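The values are calculated or read from the model by the stated rules, or taken from the named source; none is laboratory data. What you see is a predicted model; the values in this text were computed from it and never measured. As a convention, Cβ positions derive from the backbone with ideal geometry for all residues, glycine included, and neighbour counts pool all protein chains shown.
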């Protein structure tokens, strides 16, 4: 199964690297420094599975060098989606299946518009990592990936993709309710990204603080109200039991978040840092508008109050604006 990863950042490189190790033909489409480093010495993956160098994959900076794909995985930052889809427009009719592991909303609709609705499969993932330098990625969260046909039917192509993930020892689950899984990931990603950007803490640190765990549950329940208004059913998934978190007694929910943090620490998952915070700390553009802002705007459209999320999103917008102003100011001036 020739697999093309469009957006070979941390997540895309981790998925592509592990798939390539099983003998699958993999092409990474990434930024030139990353591509040059991979071509020179291979892809280096460090972290949870130890250190390894993967050389049996192809890396390109220009997506026009890709002629076709059995499976295309879109993994670019949400704000780069439009540009990335323009770059792969020539692949319409040349892709067997396509899925997006991006954060944010509207990703599947955008992919369908570019490549055709019949090729798009729903997906979401909590595999986590960071990129310390070109050609190197750090695998920090060995989470699961969920995939499924958007219309809920079972299909041979989804099962074939899942089997490829299993061979690469990537936890994967086929879901008939994939739209629920995508929304539930967003339900947990948004509170985590919001609190991370405000506190600058790693995930296990946020979860173990009672005040922040309390706020996490409050934010999660604000977001769950949007799902209820839009007719999306919540469910429990490995790593993010959203239905239970949003329905059990409040104090029990807080305790479960804190227990999640302790579990992460016990398993050595102490380097997990939300990607939005990674970008914020590096002074880069973040996905806050496409992830947190998307949910805030959706809540407004459906007249669902999300007061805590709205306030914290405004704080993050202010932090980003201040960083941009500092970066663009003449040296020595503010």
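Going by what's in this entry, would residue 96 be described as surrounded by fewer than 22 Cβ atoms within 10 Å (Cβ to Cβ), in contact with a strand residue (DSSP E or B) (Cβ under 9 Å, 6 or more places away or on another chain) and either modelled with pLDDT of 95 or more or in a helix (DSSP H, G or I) (or both)? So residue 96 passes the test.
For the stretch 52-64, the criterion of a residue being out of contact with any helix residue (DSSP H, G or I) (no Cβ under 9 Å at 6 or more places or on another chain) and modelled with pLDDT under 95 is satisfied by no position.
Of the listed requirements (1) crowded, with 18+ Cβ neighbours inside 10 Å; (2) at pLDDT below 95; (3) over 18 Å from the mean Cα position of the chain (by Cα), residue 11 misses just one: (3). Only helices (runs of 4 or more DSSP H) whose full extent lies in the stretch 229-303 are considered here, and the ones with at least 2 residues that are more than 21 Å from the chain's Cα centre (by Cα) are 242-247, 250-266, 288-301.
Among the residues examined, residue 186 does not qualify as free of Cβ contacts under 8 Å to residues at least 40 places away in the same chain, buried (at least 18 other Cβ atoms within 10 Å of the Cβ) and under 19 Å from the mean Cα position of the chain (by Cα). The lone criterion from (1) under 20 Å from residue 312 (Cα atoms); (2) without any contact (Cβ under 8 Å) to a residue 60 or more places away in the chain; (3) in a helix (DSSP H, G or I) left unmet by residue 201 is number (3). When the residues of the stretch 235-253 are filtered to those that are out of contact with any strand residue (DSSP E or B) (no Cβ under 8 Å at 6 or more places or on another chain) and buried (at least 20 other Cβ atoms within 10 Å of the Cβ), the one that is nearest to residue 126 (Cα to Cα) is 240.
Got at least one residue in the stretch 276-285 being more than 23 Å from residue 227 (Cβ to Cβ) and touching a strand residue (DSSP E or B) at 6+ places or on another chain (Cβ under 9 Å)?
Yes, that holds for at least one residue.
In the set (1) touching a residue at least 60 places away in the same chain (Cβ under 8 Å); (2) under 22 Å from the mean Cα position of the chain (by Cα); (3) not in a helix (DSSP H, G or I), residue 84 fails one condition alone, (3).
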